Structures are given as structure tokens and as C-alpha cells.
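Reading through the C-alpha cells given below for one structure.
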Amino acid sequence: MTAPVVLLLGANGQVGTELQRSFAGFGKVIACDRSHADLSRPAGLRNLIREVHPQVILNAAAYTAVDRAESDQELATAINATAPGVLAEEAARLDALLVHYSTDYVFNGAKTSPWIETDTPAPLNVYGASKLAGERAIQAVDGRHLIFRTSWVYGPHGKNFLLTMLRLGRERDELRIVDDQIGAPTSSLAIAHATRSAVDKMLSEAPLSSESRTGIYHLSCEGEVSWCGFAREIFSRGGALLHGRQPCVAAIQSEEYPTPAIRPRYSVLSNEKLHSILGVKLPPWQIALDEVLSRLQA
Ligand SMILES: NC(=O)c1ccc[n+]([C@@H]2O[C@H](COP(=O)([O-])OP(=O)(O)OC[C@H]3O[C@@H](n4cnc5c(N)ncnc54)[C@H](OP(=O)(O)O)[C@@H]3O)[C@@H](O)[C@H]2O)c1
């Protein structure tokens, strides 16, 4: 079999960067950032896919500014909802596998136990609604796809909670962090690793059995914690990255930290389907955090 061609979109994002590492040696990876593949321009996207003729499309590009999306609905919808539909149509034409990421923010947070794939989504904000519309646009096309809903993404590079906490931890003596939103911090490294395992499985199987695995999967690190608990763990494990400082963390309620977008109170995802159908398991969030901290310290 010839090496598969993989088209990676959003190559410089948190997940995109780690996908480049995880898929190195997998086949011929064509990594595109926004300047090569702009998801707000569907015609260009179609041309690119027809030119490259990939067997796998990894879509790590998205409009991820949750608060800004509240006042930028049109662009968020173009990138998060319209473009995934275009990708699905082009993937189906080529019988390629489309891998796409969605979010825990498709849920309203009203449950108190982990959300499963068949729970009814009811997003509380524009970002969540645009991501849900993207899932539906992909599902409306009859093609092979994996939609991975993940949560609270952070990693060694990009704009994320971990790097913000490490910076603030070096600058301030006290921080006030929201304690009534519960989720599962998930590292970009763990997402990329799990994606590679899932794609390996899909490509190693007969087409019919890989078709039957098409669908939505929850993909997050194991366990749960509040943002405040996550911050405390970062400060207790951060070591030299904090330059010897140890800020005091005060727990606050969401009402004390108003944001343009409302967030769900409980958005932990159950990963059982991912494990039982694709044989993929992610580590507990604390282990994944240590892995990222080690990378930052290296
Ligand atoms: N971050 C989270 O907490 C979180 C939580 C749940 C799910 N997810 C989902 O996980 C996936 C990966 O997220 P991430 O954390 O890796 O996001 P990220 O770091 O913000 O990366 C997103 C990438 O998309 C690119 N992009 C934005 N607009 C684009 C456009 N019009 N055309 C092409 N590329 C564009 C960005 O490029 P520029 O750098 O040029 O802007 C960036 O490289 C996304 O589907 C996201 O919705 C993320």
C-alpha cells in the first residue's frame, strides 16, 4: 500500500502543532496554516483538497475565541459550521476520512455525571452553537468521519489556561479563579496521540468496518476538576517554571468573573465509546499535565 496523503488544516494551532508531531512518519503530511487554507473561503478549500487528493483530512482549524464569538457570529459560523460541511463533501468525493474536533460546550452543563454522545446538545453560547452546527453539517454528508468532542484544551504552545497561569503565577501573589465550572483539562499532546491511534485503526480496517465506526466520539483526559482546582495543581506541579513563586489561589463563583459568553457548569465527557469502539484511552488529566510541564521544562 502506498503511504497515505494526510491534509492537516490549522497546522499552527495547539492541536495542529501536536498533530504534526504525532503524524510524522505516518505518510505524506501536508500541513496548512490559515495562509494556505483559509476556512472562511470555501472555494479555495475545495480547490486545495481536489489538488492534494488526501486519504485523510485532519481539521484542527477553528474559530476558538469563545468570548469574541458572541459579537462575531458570522465569521465563527463560517469557520466552525460552513467549512466543516465543505470538508465533509470534498472528503466524501474522494472517499477520504475526515477527522474533525468539536467541543464540550455543545452541552448546557445541567448534568452532574459525564455527558455521553447521545445526550441532547443545547449550547449556551455562540461558539458552542457554531461547533454544533459544524457537527451537523458533517453528519449531513454521507462520508467517513470521526468527530472528536474534546474539552479545556491546553498545551506547550498557543493561548491557553496553563500558560496564562504560569505567567500570572510568576507575576502575582494572589489569583482569583472560578471554582463552579467543572470539566476535564485535556492536553494537545494527548489529543494528537489519541487521534493518531484512532486513524491507524480506521485505516487498517476493511472499508465496511471502518464505515461502521464513523461518528461522534468524546475524547478528553480522564477525571474532572474546576478551573480553580486546575490552577492549584499547576502551581503545585509547576516547579522551576514558576521561578520559585507560589501564588495563593482564591476560589470564586462564575458571577464574580463575568464574561461575554456563558459557560456550562458541568461539561465532563464520558470517553467510554472511544474506548469500546476505537480502543483508544486518554490518561488522567494530572498525568497529561505532568507531560506538558516536562516538555516546557526540557
Ligand atoms: N481550545 C479549547 O479549549 C478547546 C476546547 C474544546 C474543543 N476545542 C476544539 O479543538 C480544536 C482545536 O483547537 P485548538 O485549541 O488547537 O485551537 P487553536 O489553538 O485556537 O487553533 C486553531 C487554529 O485555527 C486556525 N484558524 C482560525 N481561523 C482560521 C481560518 N479562517 N482558516 C484557517 N485556519 C484558521 C488558527 O490560526 P491563526 O493562528 O492564524 O488564528 C489556529 O491555528 C478546535 O476544533 C476547537 O474548537 C478546543
Give me the extension gain from residue 197 to residue 174: residue separation times 0.36 nm, minus the current Cα-Cα distance, reported in nm with one decimal. 4.2 nm
The chain, helix-only ellipticity at 222 nm - DSSP H runs n ≥ 4, -39,500 (n - 2.57), divided by all residues, nearest 500: -11500 deg cm²/dmol
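Going from most exposed to least, what order do 117, 74 have by accessible area with a 1.4 Å probe?
So the residues, ranked largest to smallest area, are 74, 117.
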Sequence order, region 101-114: Karplus ³J(HN,Hα) from phi using 6.51 cos²θ - 1.76 cosθ + 1.60, θ = phi - 60°, Hz rounded, Gly and Pro as x, gives 10, 10, 9, 5, 6, 6, 9, 8, x, 7, 7, 10, 10, x
Solvent-accessible area, 1.4 Å probe, carbon plus sulfur percent, for region 1-75: 47
Carbon/sulfur accessible area of region 101-202, % of total, 1.4 Å probe, equals 49
Compute the acute angle (0 to 90°) between the alpha-carbon long axis of helix 227-237 and the principal axis of greatest extent of the alpha-carbon atoms of the chain; round to the nearest 10°. 80
Given the whole protein assembly as supplied and a 1.4 Å probe, what does the accessible area of residue 221 come to in Å², nearest 10? 0
Rounded to the nearest 5, what is the percent of antiparallel bridges among the DSSP beta bridges in the chain? 5
Mind listing the long-range amide H neighbours of residue 29? Cut-off is under 5 Å, sequence gap 5 or more, other chains count too, H placed in the peptide plane at 1.01 Å from N. 6
Residue 294 accessible area, 1.4 Å probe, all protein chains in place, Å² to nearest 10: 70
Highest-first arrangement of 41-53, 10-22, 155-167, where packing means the average Cβ count within 10 Å: 10-22, 155-167, 41-53
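Assuming R0 = 45 Å, can you tell me the calculated FRET efficiency for the pair residue 26 and residue 167, based on Cβ-Cβ distance, to the nearest 0.05? Walk me through the numbers on the way to the answer.
Details: r = 34 Å, r/R0 = 0.76.
Between residue 26 and residue 167 the formula returns 0.85.
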Enter the Cα centre distance for the pair region 259-298 and region 141-183, rounded to the nearest angstrom. 10
Leaving ligands, DNA and RNA out of it, rank 233, 90, 272 by accessible area with a 1.4 Å probe, largest first. 272, 233, 90
Residue by residue through region 172-183, what is 3J(HN,Hα) from phi via Karplus (6.51 cos²θ - 1.76 cosθ + 1.60, θ = phi - 60°)? Round to whole Hz and write x for glycine and proline. 10, 8, 9, 10, 10, 10, 4, 10, 10, 10, 10, x
Along region 85-90, Karplus-curve 3J(HN,Hα) (6.51, -1.76, 1.60; θ = phi - 60°) to the nearest Hz, with x for Gly and Pro, reads x, 5, 4, 5, 5, 5
With a 1.4 Å probe and all protein chains kept in place, how do 57, 277 rank by accessible area, largest first? 277, 57
Residues of the chain: accessible area per residue at 1.4 Å, in Å²? 44
Using the Kirkwood radius built from alpha carbon pairs, what does the Stokes-Einstein equation give as D for the chain at 20 °C and 1.002 mPa s, in µm² per second? 109
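The values are calculated or read from the model by the stated rules, or taken from the named source; none is laboratory data. Quantities reported herein were computed from a predicted structural model and do not represent experimental measurements. Note that each Cβ is placed from the backbone with ideal geometry, even for glycine, and that neighbours are counted across all protein chains shown. Calculation scope for accessible area: heavy atoms of the full protein, side chains included, ligands and nucleic acids excluded. Shrake-Rupley method; radii C 1.70, N 1.55, O 1.52, S 1.80 Å.
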